[in-house]
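Student: Pasting in a structure now, in structure tokens, and then I'll have a few things to ask.
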Amino acid sequence: LRLAAGVWGGLVQPGGSLRLSCAASGFTFDDYAIGWFRQAPGKERGGVGCINSSGGHTYYADSVKGRFTISRENTKNTVYLQMNSLKAEDTAVYYCATSKWAGCPHPASPTYGMDNWGKGTQVTVSS
């Protein structure tokens, strides 16, 4: 896989913070946009946000704006999802995916062009 399988989640209390990492290899990492997604039990997979190849542009789903931040460290081939002020509703399996393009897709179609997906990791927000 061009995208590393491991995305490290965990258990956190409501109001707490957690950082997920997504590492890639085998290609020119800084040529591609990367998206974050999540799927809660019984729900469809939805977009969390996206960062373009250079890191100069990001966007976020309304449900996480102001709480989550996506960043990338291209020298380490790694993208991060910093999650703050976590709520029980954030409980889900989280995935990262690389785009075939440098720019992010339109927020209304967040999976468009995402052609390489990680395996996902469980994030549980609970007391």
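The values are calculated or read from the model by the stated rules, or taken from the named source; none is laboratory data. Predicted model, so just to flag it, every value in this text is computed and none were measured. Cβ: placed from backbone, ideal geometry, glycine included. Neighbour counts: every protein chain shown. Remember, those area values only see protein heavy atoms, side chains included, never the ligands or the DNA or RNA. Shrake-Rupley method; radii C 1.70, N 1.55, O 1.52, S 1.80 Å.
Student: Give the residues of the range 48-92 that are among the β-branched types (Val, Ile, Thr) and open to solvent by 40 Å² or more (accessible area, probe 1.4 Å), sorted by residue number.
Tutor: Matches in the range 48-92: Thr58, Thr69, Thr75.
Student: Tell me the residue from Gly42, Gly56, Gly35 that is free of Cβ contacts under 8 Å to residues at least 40 places away in the same chain and more than 16 Å from Val123 (Cα to Cα), please.
Tutor: Residue meeting the stated conditions: Gly56.
Student: Applying the selection to the range 14-40, what residues are modelled with pLDDT of 90 or more and in a loop (DSSP other than H, G, I, E, B)?
Tutor: Those that are modelled with pLDDT of 90 or more and in a loop (DSSP other than H, G, I, E, B): Pro14, Gly15, Gly16, Ser17, Tyr32, Ala33, Ala40.
Student: Could you check, for the range 105-118, whether at least one of its residues is outside any strand (DSSP E or B), among the β-branched types (Val, Ile, Thr) and open to solvent by less than 30 Å² (accessible area, probe 1.4 Å)?
Tutor: No, that holds for no residue.
Student: Follow-up question, since we're still on this one. Before we move on, is Leu11 more than 20 Å from Ser127 (Cα to Cα), in contact (Cβ under 8 Å) with a residue 60 or more places away in the chain, assigned to a strand (DSSP E or B) and aliphatic (A, V, I, L, M)?
Tutor: Here the answer is no, as Leu11 does not meet what is asked.
Student: Further question: Please work out which residue is farthest from Pro110 (Cα to Cα), limiting yourself to the range 57-73 and to residues that are of a type in the set (A, V, I, L, M) and part of a loop (DSSP other than H, G, I, E, B).
Tutor: Selected residue: Val64.
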